[in-house]
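The values are calculated or read from the model by the stated rules, or taken from the named source; none is laboratory data. In this text, all values refer to a predicted model and were calculated from it rather than measured experimentally. Don't worry about glycine lacking a Cβ; one is built from the backbone with ideal geometry, like all the others, and counts go over all protein chains shown.
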Amino acid sequence: MIGFKNRKISASQTMQIKKYSIPESTLVYKPNSPFMARVISTTELTEADSCDEVRNIILDVSGSGIHYIEGQSVGIIPRGERETGKPHKARLYSIASARTGDDGSSTTATICVKRVFSKDKSTGVRIPGVASNYLCDLNPGDSVALIGPNGRRFLLPDDDSTDLILIAVGTGIAPFRAFIRHIFLEKGFWNGRIRLFYGIKNAMEALFLNNKNDDIGQYMTQETFEAFRALSRVHNEDEEKGYVQHKLAEHKQEVWDMICAGNFAVYICGLKGMEKGVDEVFSTLAEQQELDWPAMKTEFIKNGQWNTEVY
Ligand code: NAP
């Protein structure tokens, strides 16, 4: 029994989640001796008129001894050196493919990369991000220094009756594509409910849920799965404008019922800024029932029920 503001919540309402196990046989590569993976393909995920370029890059990891599972990430070390003459540091990307890879051969890993630019504050000149531009400029056949796989926490629960609440913005959708493909393509079903809340600028940028690539959207016919999009930059009066937390708030009753039933796992992936808005939705619900949300969340994190990967 854990204490809350004015009432107690029973042990059945908080439970330790047992997650999928990482294969013991996997090799893990370190920055001083990366595996040289080969680019199999690189394709644009966003539609032609979208504001951003996001690429799906499939890497050949055959011969590496790598056996990753959904929710893990890999590091990529950009070619070249920093101004100091030292090699570039590795950048982490969530693996967007399920364990057997996009071709089912278990020898590939897919990453999802947005081409990023920053602006020099004094001159206003656009500066290309080192890793994202390096990766987005790669061609099939090129080799890439890869480390990992890493990550032991952002993994699916063993028990497929667990309700899954997946909350992403932008390229933060990558690990959820891996989850959904593992569940419906490799495993075949999930008994618990799966609710995906996804925030993007406009419909063309709904990665894996757009006309160009519907890898997630195609499973919306599955009985246990529903996905909801929040569009932040629509100009069309027919479409509602909002962030992912607003979409979550629209479905607050169902989500709160899942939390109160106890057999759930929440996963949040994307921008650091989204965390506050998501948290406000849950804390408002908790307060209405005189529950102490910070204490509940602490317990959920300890249990592996509350999983966050934001940058
Ligand atoms: P983005 O395109 O800049 O933004 C995606 C959406 O989030 C937009 O609709 C944006 O709205 C909205 N947004 C902005 N601030 C928000 C806030 N405070 N609360 C809720 N929504 C907000 O996103 P991105 O560039 O793809 O970035 C995704 C993040 O995911 C990056 O930080 C990346 O490091 C991280 N990530 C990436 C991977 C991967 O494998 N590639 C994996 C895990 C996490 P407006 O712009 O219209 O305001």
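Only one residue in Ser94, Ser118 is touching a residue at least 40 places away in the same chain (Cβ under 8 Å) and in a strand (DSSP E or B), so which one is that?
Testing whether each residue is touching a residue at least 40 places away in the same chain (Cβ under 8 Å) and in a strand (DSSP E or B) leaves just Ser94.
What strands (runs of 3 or more DSSP E), lying completely within the stretch 122-206, carry at least 1 residues that are more than 25 Å from Ile66 (Cβ to Cβ) and away from the ligand (no atom under 15 Å from the Cβ)?
By residue number, 126-128, 163-169, 194-200.
Mind listing whichever residues of the stretch 167-201 are under 12 Å from the mean Cα position of the chain (by Cα) and on the phi > 0 side of the Ramachandran plot?
Gly170
Taking the condition polar (S, T, N, Q), loosely packed, with under 14 Cβ neighbours inside 10 Å and assigned to a loop (DSSP other than H, G, I, E, B), does Asn210 pass?
no
What is the number of the single condition among (1) in a loop (DSSP other than H, G, I, E, B); (2) more than 16 Å from the ligand (Cβ to nearest atom) that Ala265 does not meet?
Unmet condition: (1).
Checking the conditions here, which among Arg181, Arg193 is under 22 Å from Lys252 (Cα atoms) and either at pLDDT 95 or above or buried (at least 20 other Cβ atoms within 10 Å of the Cβ) (or both)?
Arg193
So which residues in the stretch 64-90 are away from the ligand (no atom under 16 Å from the Cβ), under 21 Å from His182 (Cβ atoms) and out of contact with any Phe, Trp or Tyr (no Cβ under 9 Å at 6 or more places or on another chain), if there are any at all?
Residue satisfying the conditions is His67 alone.
Restricting to the stretch 245-262, name every residue that is farther than 27 Å from Ile95 by Cα, hydrophobic (A, V, I, L, M, F, W, C) and within 16 Å of the ligand (Cβ to nearest atom).
Ala249
How many residues does the stretch 99-139 contain that are farther than 19 Å from Gly170 by Cα and small (Gly, Ala, Ser)?
Result for the stretch 99-139: 7.
What residue, among those in the stretch 91-109 that are within 16 Å of Ile77 (Cα to Cα) and near the ligand (Cβ under 10 Å from one of its atoms), is surrounded by the most Cβ atoms within 10 Å (Cβ to Cβ)?
Ranking the candidates gives Ile95 first.
What do you reckon, is Asn263 surrounded by fewer than 16 Cβ atoms within 10 Å (Cβ to Cβ), among the polar types (S, T, N, Q) and touching a residue at least 12 places away in the same chain (Cβ under 8 Å)?
no
Which one of the conditions (1) in a loop (DSSP other than H, G, I, E, B); (2) within 17 Å of the chain's Cα centre (by Cα); (3) of a type in the set (Val, Ile, Thr) does Val113 fail to meet, given that it meets all the rest?
Unmet condition: (1).
Under 7 Å by Cβ, and 6 or more places apart or on different chains, what pairs join a residue from the stretch 169-182 that is closer than 21 Å to Gly242 by Cα and in the same structural domain as Tyr219 (by TED's automatic domain parsing) with one that is at pLDDT 95 or above and in a helix (DSSP H, G or I)?
Correct list of pairs: Val169/Val244; Val169/Met274.
Could you grab the pairs with beta carbons closer than 9 Å, sequence gap of 6+ or different chains, first residue in the stretch 244-258 and in the same structural domain as Leu231 (by TED's automatic domain parsing), second one of a type in the set (Phe, Trp, Tyr) and assigned to a helix (DSSP H, G or I)?
From the stretch 244-258, the pairs are Leu248/Phe282; Lys252/Phe282; Val255/Phe282; Trp256/Phe282.
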